[in-house]
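We did not get these values from a lab; they are worked out from the coordinates using the rules stated. As the structure is a prediction and not an experimental result, all values here were calculated from the model. Positions of Cβ are generated from backbone atoms using ideal geometry, with glycine treated the same way; all protein chains shown enter the neighbour counts.
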Amino acid sequence: MIDKNKEKIERALSLMQEAYERLDAHEPARARKIGKTLLSMGFSGAYEILSLCYLQEGKPEESIKIIKDGLKKMPLAWALWRHLGNVYCDQEQFLLAHESYEKALACSGVNPDSINFESALAFYRERRYPQALDSLEKLSVDAASSSAPLKASVLNALLRHEEVIDLCSSYCKLSPDLMEAQGLSRENISSLLTEMALAQQALSRPKEALELLLEAIIWGSDAYTLSKLREMRKLLSSEAKQFRLTVSGRWNEPLRDGEEIPAFFRVFQVVADSPDEALEYAKEFEIPQIAESLQIEECIDQKAVPDVLKGVYEVWGHIFFPKE
């Protein structure tokens, strides 16, 4: 019996992973089929998958309804209460979100770090910064690293900029191995550097702020960081155009032991005066050893944008291929 239960759980977890992959690929219909299979197995995660399908289809009311149906049958499933709170938060129904998180915390077997983090995020989104900080202070030591970017954002909102610098510096000075050991992703480091840059800017240190943002985009390049970099530079030009720039370059090391160093393509959406200037912006996203290898493969002039700040607006990941 134990072996059969273990096998059932392992299959359910595998199906959950497959459903998430289908959702990541924006295939809610295929994810829904998996959700229905999980439902027939009596697995609580089925309701979360079905709820996410509705959300991806732009049907938040149906998403909430299916989660509530699940909670009627499984009222002690803390993960469903968490998910319900997250949906309410996305709909800016913050009171209902916090009520859901409180019910999750009351369930046995709950992961309190998960709930306290979501609660902090909800408080931050509704601009209740002291309450957000209180929720973050409840996190365990193990969860502190991954939540550091949110804590930095909260401290910046509370105008506690020197604390932001101290917090972010403590993580950004770590070696890559220690960063990984503490669960910090490249995106986490980029966010910490961005928040530290905003703190330096608030303290009237523009040079330090710009240097930190330029370091941040090498680690990660989300829309928020890109917008802050453009806003900090405030570069306008009557000659500016929007380009879709494709560059090629050579990586600085093999991706795996025993392999050749690969080449890559990367695509940027850039506002610049010329293709050459667009290339210079693209180089800022790579470490020097890689940046010097970049060259233009294609640069499509899309339209004139004289009233738009110059800089990068979107950047895609590296597409690797063998170097001939």
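Across segment 86-95, rounded Karplus estimates of 3J(HN,Hα) from the backbone phi angles (6.51 cos²θ - 1.76 cosθ + 1.60, θ = phi - 60°) give 5, 5, 4, 4, 4, 8, 6, 9, 5, 4 Hz, Gly and Pro being marked x. Considering only C-alpha atoms, what is the centroid distance from segment 265-297 to segment 81-104, in Å? Distance between centres, Cα-based: 43 Å.
Taking a sphere under 15 Å around the Cβ of Gly317 and counting the other residues whose Cβ falls inside, with K and R at +1 and D and E at -1, yields a net charge of -3. The structure-derived value of volume of the Cα convex hull per residue in Å³ appears in the list (i) 131; (ii) 278; (iii) 187 under the label (iii).
Find out how many positive minus negative residues lie around Lys151, taking Lys and Arg as positive, Asp and Glu as negative, among other residues whose Cβ is under 11 Å from that of Lys151.
Surrounding charge for Lys151 is -2.
Compared with the dominant principal axis of the Cα atoms in the chain, helix 112-125 is inclined by about 60°. How much net charge surrounds Asp69 when only the other residues with a Cβ under 14 Å from the Cβ of Asp69 are counted, with Lys and Arg +1 and Asp and Glu -1? Around Asp69, the charge tally is +2. Over segment 235-321, the reciprocal of the mean inverse Cα-Cα separation, the Kirkwood hydrodynamic radius, stands at 13.4 Å. As a proxy for reagent exposure, ranking Cys53, Cys107 by other Cβ atoms within 10 Å from fewest up yields Cys107, Cys53.
The ranking of Cys168, Cys89 from fewest to most other beta carbons within 10 Å of each one's beta carbon is Cys89, Cys168. Counting every other Cβ atom within 10 Å of each residue's Cβ, Asp273, Asp301 order from fewest to most as Asp301, Asp273.
Is the shape of segment 175-324 best called rounded, prolate or oblate, per the rule: a/c under 1.5 gives rounded, else a/b larger than b/c gives prolate, else oblate, with a ≥ b ≥ c the square roots of the Cα gyration tensor eigenvalues? The shape class here is oblate. Angle of helix 28-40 to the longest C-alpha principal axis of the chain, folded into 0 to 90 degrees and rounded to 10: 30°.
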